[in-house]
């Protein structure tokens, strides 16, 4: 799949006219209906005036190819973080409300529970001794202050997830570091939960989080891996169409000087 063409089809082309004559000539071509300029993203020649002009180092750094694929992956993780943050935030709010209406909720629960016993008996389910009912009754016995602290912890976790999502969606380097650190701190707890009980949801959550950490560390060169930030920025520049053309012009100049020197 050509991510550059796909993105240009959705967002439109990006053209730029550098002031350097040789570089300008490499990005421009005359046609019977007027000049056409190479798109900095997909490389296609586009008729009409360029979107910008100026020195080459002032041209926009346009993501293309694998960079666009990486952007989609990052935003997939961002959406997953937002959904998780919303769910945890809703749980925090529900628990906080429950801590203030604990007695009334307990009364409703104990009053309505017998209504479900005939259905449970048909399913051979001992409702009075089930783990779910036991957990709910245990929650009723907890202090209101304890429930409030648990709600606060869930709220903090939800905020962390939202911050992760914002940083990843905006493709910010601080967001990548924040996501790696926050996710890594949670991995031991997820492994412990998986040891306690294996479920497909827990396995999937653990694999997603491990995949996110490994992907960010390797592809974004965090914490000095694979050359760190300088190597990452150099890789981004090397993938830019304009940078490729600048390098080609410089190579031509060196080649001509070598020939003339002989």
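Could you check the simple spin-label distance between residue 231 and residue 35, using points 7 Å along Cα→Cβ, in nm with one decimal?
It works out to 4.0 nm between the two label points.
If a/c stays under 1.5 just call it rounded; otherwise compare a/b with b/c (prolate if a/b is bigger, oblate if not). Do that for segment 62-109, with a ≥ b ≥ c from the square roots of the Cα gyration tensor eigenvalues.
Numbers: a/c = 10.77, a/b = 5.96, b/c = 1.81.
It comes out prolate by the Cα gyration axes.
What is the order of 162, 195, fewest Cβ neighbours within 10 Å to most? Could you put the intermediate results ahead of the total?
Values: 162 18, 195 9.
Ascending Cβ contact count within 10 Å gives the list 195, 162.
For 62, 156, 208, what's the fewest-to-most ordering of other Cβ within 10 Å of each Cβ?
Details: 62 21, 156 12, 208 16.
Taking fewest neighbouring Cβ atoms as first place, the list is 156, 208, 62.
How far apart, in nm, are the 7 Å Cα→Cβ label points at residue 184 and residue 53?
Spacing of the two 7 Å Cα→Cβ label points: 4.9 nm.
How many nm separate the modelled label positions at residue 149 and residue 119, each set 7 Å beyond the Cα in the direction of the Cβ?
It works out to 3.6 nm between the two label points.
For each of 161, 196, 148, count neighbouring Cβ atoms within 10 Å of the residue's Cβ, then give the residues from fewest to most. Show your work: numbers first, answer last.
Details: 161 24, 196 9, 148 15.
By the 10 Å Cβ count, ascending: 196, 148, 161.
Which residues in segment 144-171 have a backbone N closer than 11 Å to a point placed 7 Å from the Cα of residue 90 along the Cα-to-Cβ line?
Within reach of a label on residue 90: no residues.
Under 20 Å from the 7 Å Cα→Cβ point of residue 208, by amide nitrogen: which residues of segment 63-97?
Residues 70-93 fall inside that zone.
Report for segment 1-60 the percent antiparallel among DSSP-assigned beta bridges with both residues inside it, nearest 5. Intermediate values should be presented prior to the final figure.
On the way: 8 of 11 bridges.
Roughly 75 percent of the beta bridges in segment 1-60 run antiparallel, per DSSP.
Give the shape of segment 1-60 as rounded, prolate or oblate, defined through the alpha-carbon gyration tensor: a ≥ b ≥ c are the square roots of its eigenvalues, a/c under 1.5 means rounded, and otherwise the shape is prolate if a/b is larger than b/c and oblate if not.
Oblate is the answer for segment 1-60, as a/c is 1.5 or above yet b/c matches or exceeds a/b.
Suppose R0 equals 30 Å. What FRET efficiency, 1/(1 + (r/R0)^6) with r the Cβ-Cβ distance, do residue 10 and residue 199 give to the nearest 0.05?
Values: r = 38 Å, r/R0 = 1.26.
The formula returns an efficiency of 0.20 here.
Values quoted throughout were computed directly from the atomic coordinates according to the rules given, and no laboratory measurement underlies them. Being a predicted model, the structure only gives us computed values, none of them experimental. Here Cβ is always computed from backbone atoms with ideal geometry, including for glycine, and neighbour counts include all displayed protein chains.
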